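Reading through the structure tokens given below for one structure.
The values are calculated or read from the model by the stated rules, or taken from the named source; none is laboratory data. This is a predicted model, so every value here is computed, not measured. Here Cβ is always computed from backbone atoms with ideal geometry, including for glycine, and neighbour counts include all displayed protein chains. For accessibility, only protein heavy atoms count, side chains too; no ligands or nucleic acids. Shrake-Rupley method; radii C 1.70, N 1.55, O 1.52, S 1.80 Å.
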Amino acid sequence: MDILEKAVPFYGVLINIIGFGLMGIDKQKARKHQWRISEKTLFLTALLFGSLGTWAGMYVFHHKTKHWYFVIGMPLILAVQVMILIMLFRWM
């Protein structure tokens, strides 16, 4: 097994843990009226293949669930990423 075959799943798990964690941290900061994680950062994490963790964090922490662009955007990003992964695995 070459390094890429090990690195890709590791990256996928790591970026989703980061996305999940960012949602939890931002929710905690919102409750304390502290400096917040920008929405750009949350979406960037999702776009970097952390959409599943970010989306899960939305609902576990009940955070950003009233913002239509998160409610629609996160599952949409996830769906596109799943399609990309399906196409990549078909070519391998």
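Data overview
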{"item": "Within the range 51-92, backbone nitrogen closer than 11 Å to the virtual label 7 Å beyond the Cα of LEU4 toward Cβ", "result": "92"}
{"item": "For the chain, accessible area per residue (1.4 Å probe, heavy atoms of protein chains only), Å²", "result": "72 Å²"}
{"item": "Average projected area [Cα convex hull, the chain], square nanometres", "result": "6.4 nm²"}
{"item": "The chain: calculated mean residue ellipticity at 222 nm from DSSP helix runs of at least 4, using -39500 (n - 2.57)", "result": "-25500 deg cm²/dmol"}
{"item": "HN-Hα J in Hz across the range 62-72 - Karplus 6.51, -1.76, 1.60, θ = phi - 60°, x for Gly and Pro", "result": "6, 10, 6, 7, 9, 9, 4, 5, 7, 4, 8"}
{"item": "Portion, in percent, of the accessible area of the chain that falls on carbon or sulfur, probe 1.4 Å", "result": "74 percent"}
{"item": "Lysines whose Cα lies under 23 Å from that of LYS32, excluding same-chain neighbours fewer than 8 positions away", "result": "LYS40, LYS64, LYS66"}
